[in-house]
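So the structure is just underneath, and the comments pick up after that.
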Amino acid sequence: MAFNHKHLIDINEYSASDIMQILEMADSFAEVNRRKVKKLPTLKGKTVVNMFNEPSTRTRSSFELAEKRLSADTLNFGGSSTSSVKGESLVDTVETLNAYNIDAVVIRDKHAGAPYIVSQHTPAVVIDAGDGKHQHPTQALLDLYSIWKRRGTLEGLKVGIVGDIAHSRVCGSLVPALKIMGAEVTLIGPGTLMPAAPDVLGADYVTPYLDDVLPELDVVYMLRIQRERLEGAPFPSLREYHQLFGLTKDRERLMRPDAIVCHPGPINRGVEFDSYMADHPERSVILDQVYAGICVRMAVLCLLLGGAENASA
């Protein structure tokens with residue numbers, strides 16, 4: 001089936017059928033990733049550049065593994081290892097990469113809009129791996145995949161996203177992605193950690209009262225407080241934040257019996273979670289999300305780079 005997209009920068013450009021195509025292909029790659037030999041020739045001869053100008057563990061490692069398992073050639077660089085420290089602009093860096101005749105750029109950058117700028121100066125496929133406080137579309141897709149595999153559907157689910165909404169690029173992609181797939185979304189957190197206009201994200205409801213909405217939720221998606229992006233003191237202390245918005249063993253009694261718990265990582269134990277909930281054997285899908293990152297990013301790379309016909313080789 002043809003995939004009519006050149007880049008993955010803004011999840012709002014993708015339809016429900018586009019997203020479902022990615023999730024279904026990711027599911028086929030889940031079988032590949034359980035094999036003894038986890039390798040396909042799908043993208044053999046393709047060159048993918050991973051330009052990570054911000055720190056990353058899960059996103060970077062899963063993109064690198066996804067590329068290698070599809071037999072692509074990869075170039076990894078970014079941050080202090082590039083000529084940007086000498087004053088080279090992002091555009092000049094991209095022009096240099098173009099001279100290598102690359103096929104794709106996976107970019108993470110602290111500046112919102114950086115992937116779009118790259119896409120305007122290269123013929124290569126561009127994949128946003130997180131830009132500032134803007135978007136993180138592959139994270140949203142792996143979240144959808146993890147929820148879909150556990151709950152069997154996305155349509156009609158009630159999803160609560162809890163925490164630092166204002167500084168979360170995950171939220172910037174996840175809220176619209178959930179809405180595209182027919183879920184109902186509630187944003188939960190202190191007003192000081194909400195955007196000035198929360199409705200811009202497209203959520204159905206906004207509330208500062210976690211305990212009031214917890215009994216209604218099918219999925220509780222916890223966000224890390226982005227302390228590296230905070231200005232001032234948006235709440236009195238981490239202890240108070242945990243008391244009001246932390247998901248704890250005591251709060252589990254308010255949850256639906258089949259409700260699940262997600263987190264994009266890294267987790268701050270004792271802040272958004274206690275260890276009981278973070279490691280809950282039935283509710284927590286956090287490690288499922290990590291594994292889904294490889295499968296979903298394989299699917300995205302495959303579809304954008306035209307390898308769908310050889311995906312199951």
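The values are calculated or read from the model by the stated rules, or taken from the named source; none is laboratory data. Just so you know, these numbers come straight off a predicted model, no measurement behind them. Cβ sites come from the backbone with ideal geometry, for glycine too, and all protein chains shown count toward neighbours. When the accessible area is computed, the model is the full protein with side chains, heavy atoms only, and any ligands, DNA or RNA have been set aside. Shrake-Rupley method; radii C 1.70, N 1.55, O 1.52, S 1.80 Å.
From the list Leu210, Leu187, the one residue that fits, being farther than 26 Å from Lys110 by Cβ, of a type in the set (A, V, I, L, M, F, W, C) and modelled with pLDDT of 95 or more, is Leu210.
Within the stretch 79-90, none of the residues are of a type outside the set (Gly, Ala, Ser), touching a residue at least 24 places away in the same chain (Cβ under 8 Å) and in contact with a Gly (Cβ under 8 Å, 6 or more places away or on another chain).
Restricting attention to the stretch 263-280, and to residues there that are assigned to a helix (DSSP H, G or I) and not polar (S, T, N, Q), which single residue is surrounded by the most Cβ atoms within 10 Å (Cβ to Cβ)? The selected residue is Met277. Considered as a group, the residues in the stretch 111-126 that are closer than 19 Å to Pro55 by Cβ and of a type in the set (Gly, Ala, Ser) include one that is surrounded by the fewest Cβ atoms within 10 Å (Cβ to Cβ), and that residue is Ala112.
State whether the residues of the stretch 150-164 include one that is free of Cβ contacts under 8 Å to residues at least 40 places away in the same chain and either of a type in the set (Lys, Arg) or over 21 Å from Val285 (Cα atoms) (or both). Even if it seems obvious, please write down each step before you answer.
Of the stretch 150-164, the ones free of Cβ contacts under 8 Å to residues at least 40 places away in the same chain are 152-156.
Narrowing further to those that are either of a type in the set (Lys, Arg) or over 21 Å from Val285 (Cα atoms) (or both): none.
Scanning the stretch 150-164 turns up no residue that is free of Cβ contacts under 8 Å to residues at least 40 places away in the same chain and either of a type in the set (Lys, Arg) or over 21 Å from Val285 (Cα atoms) (or both).
Among the residues of the stretch 127-149, at least one is open to solvent by 30 Å² or more (accessible area, probe 1.4 Å) and part of a helix (DSSP H, G or I).
Yes/no matrix, rows are residues, columns are (1) over 23 Å from Leu157 (Cβ atoms); (2) at pLDDT 95 or above; (3) not in a loop (DSSP other than H, G, I, E, B):
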site	(1), (2), (3)
Pro236	yes, no, no
Tyr241	yes, no, yes
Glu252	no, yes, yes
Pro257	no, yes, no
Val261	no, yes, yes
Glu282	no, yes, no
Asp288	no, yes, yes
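Of all residues in the stretch 150-191, those satisfying the criterion of being of a type in the set (Ser, Thr, Tyr) and part of a loop (DSSP other than H, G, I, E, B) are Thr153, Ser168. May I ask you to verify whether Gln226 is within 27 Å of Lys110 (Cα to Cα) and modelled with pLDDT under 95? Against the criterion (within 27 Å of Lys110 (Cα to Cα) and modelled with pLDDT under 95), Gln226 qualifies.
Mind listing whichever residues of the stretch 192-211 are in a loop (DSSP other than H, G, I, E, B), closer than 21 Å to Leu144 by Cβ and hydroxyl-bearing (Ser, Thr, Tyr)? Full working, then the answer.
Of the stretch 192-211, the ones in a loop (DSSP other than H, G, I, E, B) are 194-197, 202-204, 208-209.
Pick out the ones that are also closer than 21 Å to Leu144 by Cβ and you get 202-204.
Residues satisfying the conditions do not exist here.
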